[in-house]
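Right, one structure below, let's go through it.
Only the coordinates and a few stated rules stand behind these numbers; no lab work does. Fair warning: this is a prediction, and the values are worked out from it, not measured in the lab. Neighbour counts run over all protein chains shown; Cβ positions are idealised from the backbone, glycine included.
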Amino acid sequence: MSPAPKIEAFVLAGGKSSRMGKDKGLVNLNNQPMVSYVFQALQEAELPVKIIANSRDYEKFGFPVCKDVVKERGPMGGLLTAFNNTDAEVVLLISCDMPFVNAEAINLLLKAVDEDYITAALVKDRINPLFAAYPLHLKGSVEDAIASEELKMTDFILKNPHTLVPSVAQKMPWCFRNINNEQELKEAEEKWSHLL
């Protein structure tokens, strides 16, 4: 049996957060920046962590912060930034606005990782490209997709060898609850203990 590939986690925190009106990852949820819950889960899963962000405000968390290598290219640009800043065979790309994610969910996804395939969570029959592991050998394909303005992550996953993992969402559906605006933030704070 071949050894498990080396995996490094990259938290995507460089988005504009247009619906929230401010940087989502830094918004407080129960008196902690939302992104800090993601960091905690990744550390409990014993993964090395880097942050993809253009704001220096993320430096306070103590993890390396990587600026976008190409501007305004969304998560696809984030994936290229991750590939440019790792020596791992596989990168786990995870969004900063998933405060309910936990180490168990991360490990469940990682069990399915194979460095020949993209491994992505399947949530209610929809691929979640921001809770997914991408092999480094796809770097050239990502560069081609960006050059061609083919920026939809789901399309990229479907065009390349991939494995979809429904078990995480089946077992822990609350992990995928995103917080995109003030109303969802308020609801999450009110229901926090019930959602964990």
## Note on the structure
In nm, the gap between the two label points placed 7 Å beyond Cα toward Cβ at Lys191 and Lys71 is 3.9
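Ranked highest first by the average count of other Cβ atoms within 10 Å around their residues, in what order do 100-110, 64-74 fall?
Details: 100-110: 19.9, 64-74: 15.3.
Listed from highest to lowest mean packing, they are 100-110, 64-74.
Let me know the whole percent of all Cα-Cα pairs from segment 7-195 that are separated by more than 31 Å. Each step should come with its number before you reach the end.
Numbers: 1743 of 17766 pairs.
Here the tail beyond 31 Å accounts for 10 percent of pairs.
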### Message
If I take R0 = 30 Å and measure r between the Cβ atoms of Asn181 and Arg56 in this structure, what FRET efficiency does the formula 1/(1 + (r/R0)^6) give, to the nearest 0.05?
### Response
0.75
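Taking only DSSP H segments of four or more residues, each worth -39500 (n - 2.57), what value at 222 nm results for the chain once the sum is divided by all its residues, to the nearest 500 deg cm²/dmol?
Values: 7 runs with 65 residues, N = 196.
Value at 222 nm, helices only, nearest 500: -9500 deg cm²/dmol.
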### Message
If the only charges are +1 at each Lys and Arg Cβ and -1 at each Asp and Glu Cβ, what is the size of the charge dipole of the chain around the Cα centre, to the nearest 20 debye?
### Response
360
